[in-house]
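A single structure is presented below for examination.
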Amino acid sequence: MPRGQGSEWQQLSPSKKKKDVGASTMLVFVLAAVFFFLLGTILIVSKMELGTASLSPSLASLAALRGTVSFEAPKVAATATTSAAAATTVHLPVLDNTAASESNGMGQESATAMITRLFQLGLDDPARLVQLLSTEDPFNTNSSSVSTSEGGGGGGFVCPVNVEQRIDYPSIVKKTNAERFRNGDPDAFVFYQHLRKAGGTGFCELAKTNMARGSVPPYYCMPDDRGSLATPPWNEAAYLKSNLLSKNWRIAANEWDAFYEEFFDLQGAVFATTFRHPIDRWYSQYRFEHLEHRDGSSPDAPRMSFIRFYLGQQSWTLGKNYYVNTFEGTADDKSKLPQPKTGDFYWTYHKFRKTPVTLSMFLRSLENVRRFDLVLVTEYLEVSSSLIEKVLGWKAPPKQVLPHEIQAVRSSHKNIPAKELLPPADYKVVAEENVFDLLLFEISKRIFLERLHCSED
(Lines give C-alpha, C1' and ligand atoms only; values in the text may rest on other atoms or scores of the structure.)
Protein backbone atom coordinates (compact mmCIF):
# COMPACT_ATOMS: atom_id res chain seq x y z
CA MET A 1 0.00 0.00 0.00
CA PRO A 2 1.38 3.44 -0.88
CA ARG A 3 2.49 5.33 2.25
CA GLY A 4 0.04 8.06 3.47
CA GLN A 5 -3.13 6.88 1.69
CA GLY A 6 -4.65 4.81 4.60
CA SER A 7 -8.31 3.70 4.40
CA GLU A 8 -9.05 5.56 1.16
CA TRP A 9 -6.71 3.20 -0.65
CA GLN A 10 -8.39 0.17 0.88
CA GLN A 11 -11.81 1.33 -0.40
CA LEU A 12 -10.73 1.47 -4.03
CA SER A 13 -11.68 -1.30 -6.45
CA PRO A 14 -8.95 -3.77 -7.52
CA SER A 15 -8.96 -2.42 -11.09
CA LYS A 16 -8.51 1.17 -9.87
CA LYS A 17 -5.63 0.10 -7.62
CA LYS A 18 -3.92 -1.61 -10.57
CA LYS A 19 -4.19 1.53 -12.75
CA ASP A 20 -2.75 3.79 -10.01
CA VAL A 21 0.19 1.43 -9.40
CA GLY A 22 0.90 1.28 -13.15
CA ALA A 23 0.90 5.07 -13.44
CA SER A 24 3.27 5.42 -10.48
CA THR A 25 5.60 2.82 -11.87
CA MET A 26 5.68 4.52 -15.27
CA LEU A 27 6.49 7.88 -13.66
CA VAL A 28 9.39 6.33 -11.77
CA PHE A 29 10.80 4.83 -14.98
CA VAL A 30 10.53 8.16 -16.83
CA LEU A 31 12.27 10.09 -14.05
CA ALA A 32 15.04 7.47 -13.86
CA ALA A 33 15.61 7.61 -17.61
CA VAL A 34 15.91 11.42 -17.53
CA PHE A 35 18.34 11.24 -14.61
CA PHE A 36 20.65 8.71 -16.27
CA PHE A 37 20.57 10.62 -19.59
CA LEU A 38 21.70 13.83 -17.87
CA LEU A 39 24.37 12.00 -15.88
CA GLY A 40 25.77 10.35 -19.03
CA THR A 41 25.90 13.69 -20.85
CA ILE A 42 27.85 15.29 -17.99
CA LEU A 43 30.37 12.43 -17.91
CA ILE A 44 30.95 12.53 -21.68
CA VAL A 45 31.54 16.30 -21.69
CA SER A 46 33.91 16.04 -18.72
CA LYS A 47 35.89 13.27 -20.41
CA MET A 48 36.22 15.29 -23.63
CA GLU A 49 37.48 18.34 -21.74
CA LEU A 50 39.96 16.25 -19.75
CA GLY A 51 41.28 14.52 -22.87
CA THR A 52 41.77 17.82 -24.67
CA ALA A 53 43.59 19.33 -21.72
CA SER A 54 46.01 16.42 -21.52
CA LEU A 55 47.11 16.71 -25.15
CA SER A 56 48.09 20.35 -25.48
CA PRO A 57 47.92 23.64 -23.64
CA SER A 58 45.38 26.25 -24.59
CA LEU A 59 46.99 28.51 -27.20
CA ALA A 60 43.99 30.72 -27.94
CA SER A 61 45.47 33.68 -26.07
CA LEU A 62 48.93 33.08 -27.54
CA ALA A 63 48.17 32.72 -31.25
CA ALA A 64 48.58 36.42 -31.99
CA LEU A 65 51.84 36.85 -30.08
CA ARG A 66 55.29 36.90 -31.62
CA GLY A 67 58.55 35.50 -30.35
CA THR A 68 59.26 33.86 -27.04
CA VAL A 69 56.68 33.68 -24.28
CA SER A 70 56.40 31.99 -20.93
CA PHE A 71 53.67 29.48 -20.33
CA GLU A 72 52.73 26.98 -17.67
CA ALA A 73 53.69 23.54 -18.95
CA PRO A 74 50.60 21.29 -18.92
CA LYS A 75 50.60 18.45 -16.44
CA VAL A 76 50.81 15.09 -18.15
CA ALA A 77 48.70 12.37 -16.60
CA ALA A 78 50.74 9.73 -14.81
CA THR A 79 50.92 6.24 -16.30
CA ALA A 80 52.40 2.98 -15.09
CA THR A 81 55.87 4.14 -16.15
CA THR A 82 55.64 7.93 -15.95
CA SER A 83 54.73 10.51 -13.36
CA ALA A 84 52.85 13.74 -13.88
CA ALA A 85 54.90 16.55 -15.37
CA ALA A 86 55.68 19.24 -12.84
CA ALA A 87 54.56 22.74 -13.77
CA THR A 88 57.43 25.01 -14.77
CA THR A 89 58.07 28.21 -16.66
CA VAL A 90 59.73 27.53 -19.98
CA HIS A 91 60.40 29.47 -23.15
CA LEU A 92 59.25 28.29 -26.55
CA PRO A 93 58.41 30.18 -29.73
CA VAL A 94 54.74 30.71 -30.41
CA LEU A 95 53.86 30.38 -34.08
CA ASP A 96 50.93 31.84 -35.97
CA ASN A 97 48.64 28.90 -36.74
CA THR A 98 47.12 30.71 -39.70
CA ALA A 99 50.33 31.53 -41.56
CA ALA A 100 52.10 28.18 -41.84
CA SER A 101 53.34 26.76 -45.11
CA GLU A 102 54.11 23.20 -46.08
CA SER A 103 57.77 24.09 -46.69
CA ASN A 104 58.53 24.38 -42.98
CA GLY A 105 57.25 20.88 -42.29
CA MET A 106 54.76 21.94 -39.62
CA GLY A 107 51.56 22.41 -41.57
CA GLN A 108 49.30 24.75 -39.61
CA GLU A 109 50.33 23.68 -36.12
CA SER A 110 52.37 25.87 -33.79
CA ALA A 111 55.74 24.66 -32.55
CA THR A 112 54.52 24.69 -28.96
CA ALA A 113 51.47 22.59 -29.76
CA MET A 114 53.43 20.20 -31.98
CA ILE A 115 56.17 19.53 -29.43
CA THR A 116 53.61 19.02 -26.67
CA ARG A 117 51.53 16.70 -28.86
CA LEU A 118 54.53 14.64 -29.96
CA PHE A 119 55.79 14.35 -26.40
CA GLN A 120 52.38 13.13 -25.25
CA LEU A 121 52.39 10.61 -28.08
CA GLY A 122 55.78 9.38 -26.82
CA LEU A 123 54.20 8.74 -23.43
CA ASP A 124 51.09 7.06 -24.79
CA ASP A 125 52.51 5.15 -27.74
CA PRO A 126 56.34 5.24 -28.07
CA ALA A 127 56.28 2.91 -31.08
CA ARG A 128 54.01 5.30 -32.97
CA LEU A 129 56.25 8.30 -32.24
CA VAL A 130 59.33 6.37 -33.37
CA GLN A 131 57.55 5.55 -36.63
CA LEU A 132 56.26 9.10 -37.11
CA LEU A 133 59.68 10.69 -36.63
CA SER A 134 61.20 8.20 -39.04
CA THR A 135 58.62 8.25 -41.84
CA GLU A 136 56.64 11.49 -41.62
CA ASP A 137 59.48 13.98 -40.95
CA PRO A 138 57.37 16.45 -38.91
CA PHE A 139 60.18 19.04 -38.66
CA ASN A 140 61.31 18.76 -42.30
CA THR A 141 64.80 17.65 -41.29
CA ASN A 142 65.43 14.36 -43.08
CA SER A 143 68.46 14.00 -45.34
CA SER A 144 66.48 14.35 -48.56
CA SER A 145 65.13 17.73 -47.45
CA VAL A 146 68.56 19.12 -46.55
CA SER A 147 70.37 20.85 -49.36
CA THR A 148 73.99 19.86 -49.97
CA SER A 149 74.77 23.52 -50.51
CA GLU A 150 74.86 25.91 -47.59
CA GLY A 151 73.01 28.55 -49.54
CA GLY A 152 69.80 26.55 -49.38
CA GLY A 153 69.43 25.93 -53.10
CA GLY A 154 68.63 22.71 -54.87
CA GLY A 155 65.27 22.14 -53.23
CA GLY A 156 66.68 21.75 -49.72
CA PHE A 157 65.39 23.13 -46.42
CA VAL A 158 63.52 26.41 -46.93
CA CYS A 159 63.44 28.91 -44.11
CA PRO A 160 59.84 29.92 -43.35
CA VAL A 161 59.08 33.42 -44.63
CA ASN A 162 57.00 34.12 -41.56
CA VAL A 163 59.38 34.26 -38.57
CA GLU A 164 56.55 33.04 -36.34
CA GLN A 165 56.93 29.65 -37.98
CA ARG A 166 60.49 29.11 -36.70
CA ILE A 167 61.36 26.94 -33.72
CA ASP A 168 64.48 28.92 -32.74
CA TYR A 169 63.12 32.45 -33.12
CA PRO A 170 63.88 34.79 -31.51
CA SER A 171 67.36 33.71 -30.48
CA ILE A 172 67.99 33.28 -26.76
CA VAL A 173 71.78 33.01 -27.24
CA LYS A 174 74.02 35.61 -25.63
CA LYS A 175 76.36 36.38 -28.52
CA THR A 176 78.85 38.71 -26.79
CA ASN A 177 81.22 35.92 -25.68
CA ALA A 178 81.37 34.47 -29.19
CA GLU A 179 82.34 37.87 -30.52
CA ARG A 180 85.08 38.15 -27.89
CA PHE A 181 86.33 34.68 -28.80
CA ARG A 182 86.50 35.52 -32.51
CA ASN A 183 88.42 38.70 -31.67
CA GLY A 184 91.06 36.77 -29.72
CA ASP A 185 90.12 37.79 -26.18
CA PRO A 186 92.19 35.42 -23.97
CA ASP A 187 89.42 35.39 -21.36
CA ALA A 188 86.91 33.94 -23.85
CA PHE A 189 86.87 30.18 -24.39
CA VAL A 190 84.77 27.38 -25.89
CA PHE A 191 82.86 25.17 -23.46
CA TYR A 192 82.22 22.03 -25.47
CA GLN A 193 79.60 19.58 -24.18
CA HIS A 194 81.01 16.37 -25.63
CA LEU A 195 78.18 13.89 -26.11
CA ARG A 196 79.75 10.46 -26.16
CA LYS A 197 80.28 8.90 -29.62
CA ALA A 198 78.62 11.85 -31.33
CA GLY A 199 81.53 13.60 -33.05
CA GLY A 200 83.31 15.14 -30.09
CA THR A 201 86.78 13.92 -31.09
CA GLY A 202 86.28 15.44 -34.53
CA PHE A 203 85.32 18.77 -32.96
CA CYS A 204 88.48 18.76 -30.84
CA GLU A 205 90.59 18.04 -33.93
CA LEU A 206 88.81 20.92 -35.65
CA ALA A 207 89.82 23.16 -32.73
CA LYS A 208 93.45 22.09 -33.02
CA THR A 209 93.38 22.83 -36.75
CA ASN A 210 91.93 26.31 -36.34
CA MET A 211 93.39 27.53 -33.04
CA ALA A 212 96.89 28.65 -32.15
CA ARG A 213 99.37 26.00 -31.07
CA GLY A 214 99.26 25.48 -27.32
CA SER A 215 95.76 26.90 -26.89
CA VAL A 216 94.07 23.47 -26.86
CA PRO A 217 94.44 20.98 -23.96
CA PRO A 218 96.37 18.02 -25.41
CA TYR A 219 94.05 15.25 -24.17
CA TYR A 220 90.89 15.60 -26.27
CA CYS A 221 90.42 19.25 -25.30
CA MET A 222 89.94 18.27 -21.63
CA PRO A 223 91.74 20.57 -19.17
CA ASP A 224 91.33 17.97 -16.39
CA ASP A 225 92.54 15.08 -18.62
CA ARG A 226 89.20 13.44 -17.91
CA GLY A 227 86.33 15.58 -19.23
CA SER A 228 84.42 15.83 -15.95
CA LEU A 229 83.82 19.53 -15.36
CA ALA A 230 81.02 19.03 -12.83
CA THR A 231 83.38 17.00 -10.65
CA PRO A 232 85.46 18.77 -7.93
CA PRO A 233 87.55 20.82 -8.08
CA TRP A 234 86.69 21.62 -11.71
CA ASN A 235 83.09 22.44 -10.84
CA GLU A 236 84.32 25.66 -9.24
CA ALA A 237 84.28 28.40 -11.87
CA ALA A 238 87.32 30.16 -10.43
CA TYR A 239 89.38 26.95 -10.47
CA LEU A 240 88.45 26.17 -14.09
CA LYS A 241 89.12 29.71 -15.32
CA SER A 242 92.45 30.03 -13.49
CA ASN A 243 93.68 26.77 -15.05
CA LEU A 244 92.64 27.82 -18.52
CA LEU A 245 94.25 31.25 -18.22
CA SER A 246 97.49 29.99 -16.65
CA LYS A 247 98.03 27.54 -19.51
CA ASN A 248 96.63 29.77 -22.28
CA TRP A 249 93.97 27.19 -23.09
CA ARG A 250 90.85 28.46 -24.86
CA ILE A 251 88.68 25.36 -24.99
CA ALA A 252 87.35 22.98 -22.32
CA ALA A 253 85.49 19.75 -23.12
CA ASN A 254 83.04 18.16 -20.71
CA GLU A 255 82.36 14.56 -21.78
CA TRP A 256 81.54 12.46 -18.75
CA ASP A 257 79.42 14.84 -16.68
CA ALA A 258 75.94 16.14 -17.38
CA PHE A 259 75.55 19.82 -18.25
CA TYR A 260 74.52 22.13 -15.41
CA GLU A 261 72.56 25.31 -16.08
CA GLU A 262 74.99 27.15 -13.80
CA PHE A 263 77.67 26.64 -16.47
CA PHE A 264 75.94 29.39 -18.42
CA ASP A 265 77.26 31.81 -15.77
CA LEU A 266 80.90 31.07 -16.67
CA GLN A 267 82.53 34.32 -17.70
CA GLY A 268 83.63 34.35 -21.34
CA ALA A 269 82.21 30.90 -22.19
CA VAL A 270 80.99 30.11 -25.72
CA PHE A 271 78.85 26.97 -25.66
CA ALA A 272 78.98 24.30 -28.36
CA THR A 273 77.83 20.69 -28.76
CA THR A 274 77.29 18.05 -31.45
CA PHE A 275 74.31 15.70 -31.78
CA ARG A 276 74.10 12.37 -33.57
CA HIS A 277 71.20 9.99 -34.21
CA PRO A 278 70.67 8.47 -30.72
CA ILE A 279 70.53 4.83 -31.81
CA ASP A 280 73.55 5.23 -34.08
CA ARG A 281 75.32 6.76 -31.09
CA TRP A 282 74.48 3.73 -28.94
CA TYR A 283 75.70 1.32 -31.59
CA SER A 284 78.92 3.32 -32.01
CA GLN A 285 79.53 3.05 -28.27
CA TYR A 286 78.96 -0.71 -28.47
CA ARG A 287 81.44 -1.07 -31.33
CA PHE A 288 84.03 1.26 -29.79
CA GLU A 289 83.98 -0.18 -26.28
CA HIS A 290 83.08 -3.84 -26.75
CA LEU A 291 83.58 -5.06 -30.30
CA GLU A 292 86.98 -3.35 -30.43
CA HIS A 293 87.92 -4.60 -26.94
CA ARG A 294 88.43 -1.25 -25.23
CA ASP A 295 86.39 -2.48 -22.28
CA GLY A 296 89.18 -4.78 -21.14
CA SER A 297 87.64 -7.91 -22.61
CA SER A 298 89.92 -10.49 -24.17
CA PRO A 299 90.12 -10.42 -28.00
CA ASP A 300 89.58 -14.18 -27.92
CA ALA A 301 86.44 -14.01 -25.80
CA PRO A 302 83.04 -14.30 -27.49
CA ARG A 303 81.36 -10.94 -28.13
CA MET A 304 78.06 -10.24 -26.41
CA SER A 305 75.13 -9.08 -28.52
CA PHE A 306 74.36 -5.39 -28.88
CA ILE A 307 71.11 -5.63 -26.94
CA ARG A 308 72.85 -7.33 -24.02
CA PHE A 309 75.55 -4.64 -24.02
CA TYR A 310 72.94 -1.87 -24.22
CA LEU A 311 70.78 -3.20 -21.37
CA GLY A 312 73.82 -3.53 -19.12
CA GLN A 313 75.15 -0.08 -19.95
CA GLN A 314 71.97 1.97 -19.76
CA SER A 315 70.96 0.47 -16.44
CA TRP A 316 73.96 1.85 -14.55
CA THR A 317 75.74 4.42 -16.74
CA LEU A 318 74.04 6.90 -19.08
CA GLY A 319 70.49 5.67 -18.62
CA LYS A 320 67.63 6.04 -21.06
CA ASN A 321 67.27 9.28 -23.02
CA TYR A 322 70.88 10.32 -22.52
CA TYR A 323 70.52 13.60 -24.46
CA VAL A 324 67.52 14.78 -22.44
CA ASN A 325 69.29 13.87 -19.20
CA THR A 326 72.50 15.64 -20.25
CA PHE A 327 70.85 19.01 -20.95
CA GLU A 328 68.19 18.94 -18.24
CA GLY A 329 70.48 21.21 -16.24
CA THR A 330 69.82 20.39 -12.59
CA ALA A 331 73.01 20.47 -10.52
CA ASP A 332 73.73 17.71 -8.01
CA ASP A 333 73.64 18.28 -4.27
CA LYS A 334 77.01 19.81 -3.39
CA SER A 335 77.05 17.90 -0.10
CA LYS A 336 77.12 14.64 -2.06
CA LEU A 337 79.81 15.47 -4.60
CA PRO A 338 82.59 12.89 -5.00
CA GLN A 339 86.11 13.65 -3.88
CA PRO A 340 88.58 14.77 -6.56
CA LYS A 341 89.79 11.91 -8.80
CA THR A 342 87.46 9.41 -7.15
CA GLY A 343 84.05 7.97 -7.93
CA ASP A 344 82.65 6.58 -11.15
CA PHE A 345 82.49 8.52 -14.41
CA TYR A 346 78.69 8.47 -14.54
CA TRP A 347 77.83 9.86 -11.12
CA THR A 348 76.00 12.93 -12.51
CA TYR A 349 73.60 10.63 -14.39
CA HIS A 350 72.63 8.42 -11.48
CA LYS A 351 69.91 10.84 -10.38
CA PHE A 352 68.01 10.00 -13.57
CA ARG A 353 67.92 6.23 -12.99
CA LYS A 354 64.45 6.21 -11.46
CA THR A 355 63.25 9.52 -12.87
CA PRO A 356 61.01 9.23 -15.94
CA VAL A 357 61.16 12.02 -18.49
CA THR A 358 58.34 14.52 -17.99
CA LEU A 359 57.21 17.30 -20.29
CA SER A 360 58.68 20.01 -18.07
CA MET A 361 62.01 18.16 -17.96
CA PHE A 362 62.05 17.79 -21.75
CA LEU A 363 61.28 21.48 -22.26
CA ARG A 364 64.09 22.51 -19.89
CA SER A 365 66.51 20.39 -21.88
CA LEU A 366 65.31 21.93 -25.13
CA GLU A 367 65.64 25.45 -23.80
CA ASN A 368 69.19 24.78 -22.61
CA VAL A 369 70.09 23.43 -26.05
CA ARG A 370 68.71 26.61 -27.62
CA ARG A 371 70.97 28.67 -25.36
CA PHE A 372 74.07 27.05 -26.90
CA ASP A 373 75.97 29.30 -29.31
CA LEU A 374 76.71 26.43 -31.67
CA VAL A 375 74.51 23.33 -32.13
CA LEU A 376 76.03 20.93 -34.67
CA VAL A 377 74.72 17.65 -36.09
CA THR A 378 77.08 14.87 -37.15
CA GLU A 379 74.83 13.95 -40.07
CA TYR A 380 75.09 17.55 -41.38
CA LEU A 381 78.85 17.84 -41.00
CA GLU A 382 79.46 18.62 -44.67
CA VAL A 383 77.25 21.74 -44.55
CA SER A 384 78.47 23.08 -41.19
CA SER A 385 81.48 25.20 -42.21
CA SER A 386 79.76 28.55 -42.64
CA LEU A 387 77.91 28.26 -39.32
CA ILE A 388 81.12 27.29 -37.50
CA GLU A 389 82.95 30.24 -39.02
CA LYS A 390 80.10 32.59 -38.17
CA VAL A 391 80.14 31.65 -34.48
CA LEU A 392 83.80 30.79 -33.79
CA GLY A 393 85.66 32.36 -36.68
CA TRP A 394 87.22 29.03 -37.69
CA LYS A 395 87.87 28.75 -41.42
CA ALA A 396 89.26 25.21 -41.82
CA PRO A 397 86.32 22.83 -42.43
CA PRO A 398 85.40 19.89 -40.18
CA LYS A 399 86.17 16.31 -41.15
CA GLN A 400 85.46 12.82 -39.88
CA VAL A 401 87.83 11.60 -37.18
CA LEU A 402 87.95 8.18 -35.51
CA PRO A 403 89.12 8.31 -31.88
CA HIS A 404 91.89 5.97 -30.71
CA GLU A 405 91.98 4.38 -34.18
CA ILE A 406 95.49 3.09 -33.61
CA GLN A 407 93.99 0.68 -31.06
CA ALA A 408 91.61 -0.86 -33.59
CA VAL A 409 92.04 -0.02 -37.25
CA ARG A 410 88.79 -0.26 -39.24
CA SER A 411 88.67 -1.53 -42.78
CA SER A 412 86.02 1.05 -43.68
CA HIS A 413 85.24 4.52 -42.39
CA LYS A 414 81.75 4.51 -43.87
CA ASN A 415 79.03 5.18 -41.35
CA ILE A 416 76.31 2.51 -41.53
CA PRO A 417 73.05 3.35 -39.68
CA ALA A 418 72.29 1.13 -36.70
CA LYS A 419 68.93 0.31 -38.24
CA GLU A 420 70.74 -1.60 -40.98
CA LEU A 421 72.99 -3.45 -38.52
CA LEU A 422 70.64 -4.49 -35.74
CA PRO A 423 67.85 -7.08 -35.63
CA PRO A 424 64.53 -5.22 -35.96
CA ALA A 425 63.41 -6.37 -32.51
CA ASP A 426 66.56 -5.01 -30.86
CA TYR A 427 66.30 -1.69 -32.70
CA LYS A 428 62.67 -1.39 -31.64
CA VAL A 429 63.55 -1.87 -27.96
CA VAL A 430 66.29 0.77 -27.96
CA ALA A 431 64.32 3.27 -30.05
CA GLU A 432 61.22 3.09 -27.88
CA GLU A 433 63.21 3.34 -24.65
CA ASN A 434 64.99 6.44 -26.00
CA VAL A 435 62.06 7.96 -27.84
CA PHE A 436 62.51 11.39 -26.23
CA ASP A 437 66.15 11.48 -27.33
CA LEU A 438 64.88 10.84 -30.86
CA LEU A 439 62.44 13.75 -30.48
CA LEU A 440 65.12 16.11 -29.09
CA PHE A 441 67.48 15.04 -31.88
CA GLU A 442 64.93 15.95 -34.58
CA ILE A 443 64.30 19.33 -32.94
CA SER A 444 68.06 19.96 -32.68
CA LYS A 445 68.40 19.21 -36.40
CA ARG A 446 65.70 21.80 -37.05
CA ILE A 447 67.55 24.33 -34.87
CA PHE A 448 70.73 23.72 -36.86
CA LEU A 449 68.94 24.20 -40.19
CA GLU A 450 67.21 27.38 -39.07
CA ARG A 451 70.49 28.87 -37.87
CA LEU A 452 72.16 27.87 -41.12
CA HIS A 453 69.51 29.12 -43.55
CA CYS A 454 67.48 31.81 -41.75
CA SER A 455 68.43 35.41 -41.14
CA GLU A 456 68.12 36.75 -37.61
CA ASP A 457 65.92 39.68 -38.59
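Would you check if LEU449 is in contact with a Cys (Cβ under 9 Å, 6 or more places away or on another chain) and in contact (Cβ under 8 Å) with a residue 40 or more places away in the chain?
yes
Now, a different point. Take the residues of the range 274-309 that are of a type in the set (S, T, N, Q) and in contact with a helix residue (DSSP H, G or I) (Cβ under 9 Å, 6 or more places away or on another chain): which is surrounded by the fewest Cβ atoms within 10 Å (Cβ to Cβ)?
Among residues in the range 274-309 that are of a type in the set (S, T, N, Q) and in contact with a helix residue (DSSP H, G or I) (Cβ under 9 Å, 6 or more places away or on another chain), the one surrounded by the fewest Cβ atoms within 10 Å (Cβ to Cβ) is SER305.
Name the single residue that is nearest to GLY319 (Cα to Cα) among those in the range 249-268 being surrounded by 23 or more Cβ atoms within 10 Å (Cβ to Cβ) and aliphatic (A, V, I, L, M).
Among those that are surrounded by 23 or more Cβ atoms within 10 Å (Cβ to Cβ) and aliphatic (A, V, I, L, M), it is ALA258.
Filter the range 227-248 down to residues that are surrounded by fewer than 19 Cβ atoms within 10 Å (Cβ to Cβ), touching a residue at least 24 places away in the same chain (Cβ under 8 Å) and not in a helix (DSSP H, G or I), then give me how many there are.
Going through the range 227-248 one residue at a time, the tally reaches 4.
Oh, and also: Residue under question is TYR322, and the condition is that it be at pLDDT below 95, surrounded by 15 or more Cβ atoms within 10 Å (Cβ to Cβ), closer than 23 Å to GLU432 by Cβ and of a type in the set (Ser, Thr, Tyr); does it hold?
Against the criterion (at pLDDT below 95, surrounded by 15 or more Cβ atoms within 10 Å (Cβ to Cβ), closer than 23 Å to GLU432 by Cβ and of a type in the set (Ser, Thr, Tyr)), TYR322 does not qualify.
Take the conditions surrounded by 15 or more Cβ atoms within 10 Å (Cβ to Cβ) and either outside any loop (DSSP other than H, G, I, E, B) or modelled with pLDDT under 85 (or both) and apply them to GLU367. Does it pass?
yes
Looking only at the range 267-295, which residues are assigned to a loop (DSSP other than H, G, I, E, B), in contact (Cβ under 8 Å) with a residue 12 or more places away in the chain and more than 25 Å from GLU179 (Cβ to Cβ)?
Answer for the range 267-295, where residues must be assigned to a loop (DSSP other than H, G, I, E, B), in contact (Cβ under 8 Å) with a residue 12 or more places away in the chain and more than 25 Å from GLU179 (Cβ to Cβ): ARG276, HIS277, GLU292, HIS293, ARG294.
Could you say which residue among ALA188, ALA178 is aliphatic (A, V, I, L, M), in contact with a Gly (Cβ under 9 Å, 6 or more places away or on another chain), buried (at least 19 other Cβ atoms within 10 Å of the Cβ) and more than 20 Å from PHE448 (Cα to Cα)?
ALA188 is the lone residue from the list that is aliphatic (A, V, I, L, M), in contact with a Gly (Cβ under 9 Å, 6 or more places away or on another chain), buried (at least 19 other Cβ atoms within 10 Å of the Cβ) and more than 20 Å from PHE448 (Cα to Cα).
What single numbered condition from (1) farther than 19 Å from LEU359 by Cβ; (2) at pLDDT 95 or above fails to hold for LEU439?
It is condition (1) that LEU439 fails.
In the set PHE264, PHE271, PHE288, which member is of a type outside the set (Gly, Ala, Ser) and touching a Phe, Trp or Tyr at 6+ places or on another chain (Cβ under 7 Å)?
Criteria check complete, one pass: PHE271.
The values are calculated or read from the model by the stated rules, or taken from the named source; none is laboratory data. Since the structure is predicted, the reported quantities are computational estimates derived from the model, not experimental observations. All Cβ positions, glycine included, derive from the backbone under ideal geometry; neighbour counts span all protein chains shown.
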